[in-house]
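S.K.: One structure coming up, written as structure tokens, with questions to follow.
The values are calculated or read from the model by the stated rules, or taken from the named source; none is laboratory data. Everything numeric in this text was worked out from a predicted model, so none of it was measured. Heads up, the Cβs are rebuilt from the backbone with ideal geometry, glycines too, and the neighbour counts pull from every protein chain shown. Keep in mind that these areas ignore ligands, DNA and RNA; they rest on the heavy atoms of the full protein, side chains included. Shrake-Rupley method; radii C 1.70, N 1.55, O 1.52, S 1.80 Å.
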Amino acid sequence: MRAKMNWDKTLEILEKEVLVWSGCMTMIMKKDNHKSSYGHGIPIFKARGIISQMSTQQLLQLFIDSTKVKLYNKHSNGRKDVFNIHCRNGLVTKVVESQTKVPFSNKIISMTTMLHARKITDSENDFILVSRSVERANFCHAKEDGTNEESLPGSRNEIHWGINVIRQVPGYKDKVDLTTITQANSGVIPGFLVHKLGVKCVIEFINNVRVVPFSEK
């Protein structure tokens with residue numbers, strides 16, 4: 001009984017708070033002194049929280065549906081499907097095009113990304129969704145009338161990894177244990193703001209998912 005009370009109290013806290021970690025990959029040098037760790041030195045941000053009143057299947061479909069991105073990503077300027085590579089049993093691999101507004105800036109990053117969702121091992125209720133850039137991104141400037149200037153080639157705008165691990169909380173079909181991991185590189189964000197914005201964005205992401213209107217879940 002005491003153990004259950006402690007677990008319920010832990011869940012109550014995790015439904016309100018977001019656990020956050022940050023760090024960088026270690027660079028591995030080959031014998032010829034060439035760098036062998038792609039993306040080393042680029043910060044990785046991890047966040048974890050409990051999402052209530054939603055099943056794992058509902059959360060997965062929310063992330064897959066390109067028409068609903070703005071519900072939980074307040075920096076999104078829209079996302080559209082380019083084509084589906086594979087779709088079976090509600091799981092999907094597809095390429096999407098998206099535009100993201102850079103915080104504290106009038107710049108918009110256009111990016112082409114591959115998304116892949118699958119079940120975790122043999123579980124029927126646990127999923128993983130992975131995204132990664134498939135080409136270098138472009139960026140453009142937002143104009144006062146709401147339109148964008150012609151896109152310019154971006155030098156270093158790339159999603160190395162975007163990972164969402166979606167697991168059902170044991171004993172609760174309407175609670176999701178969500179872990180999100182992000183590693184992205186952007187040449188339009190000043191280096192001194194990268195860590196601050198990275199932490200801010202992963203916390204906002206989970207909190208925004210928590211308040212998605214029930215009708216949209």
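S.K.: Please compute the length gained on full extension between THR67 and LYS16, using 0.36 nm multiplied by the number of residues separating them and subtracting their Cα-Cα distance.
M.R.: 15.7 nm
S.K.: If I stretch the segment between GLU124 and SER52 completely, what's the gain in nm (0.36 nm per residue apart, minus their alpha carbon distance), one decimal?
M.R.: Full extension from GLU124 to SER52 adds 24.0 nm.
S.K.: In addition: Please report the equivalent ellipsoid semi-axes of segment 44-112, computed as sqrt(5 x eigenvalue) of the Cα gyration tensor, largest first, in whole Å.
M.R.: 23, 19, 10
S.K.: Explain nothing, just the number: dipole magnitude of segment 54-112 about its Cα centre with +1 on each Lys and Arg Cβ and -1 on each Asp and Glu Cβ, in debye rounded to the nearest 20.
M.R.: 160 debye
S.K.: Can you tell me the length gained on complete extension of the stretch CYS24 to CYS87, counting 0.36 nm per residue apart and subtracting the Cα distance?
M.R.: Answer, rounded to one decimal: 19.3 nm.
S.K.: While we're here: Is segment 39-80 rounded, prolate or oblate when judged by the Cα gyration tensor, a ≥ b ≥ c being the square roots of its eigenvalues, rounded requiring a/c under 1.5 and prolate requiring a/b larger than b/c?
M.R.: Taking the square roots of the gyration eigenvalues as a ≥ b ≥ c, segment 39-80 is oblate.
S.K.: Once label points are set 7 Å from the Cα along Cα→Cβ at both GLU97 and HIS160, what is their separation, rounded to one decimal in nm?
M.R.: Simple spin-label model gives 2.8 nm for this pair.
S.K.: Ok, one more. Beyond a 31 Å Cα-Cα separation, which of these cross-linked pairs lie in this structure: LYS9/LYS107; LYS16/LYS196; LYS9/LYS80; LYS9/LYS94; LYS173/LYS196; LYS107/LYS173?
M.R.: LYS9/LYS107; LYS9/LYS80; LYS9/LYS94; LYS173/LYS196; LYS107/LYS173
S.K.: Accessible area per residue, 1.4 Å probe, Å², for segment 40-111: what's the number?
M.R.: 49 Å²
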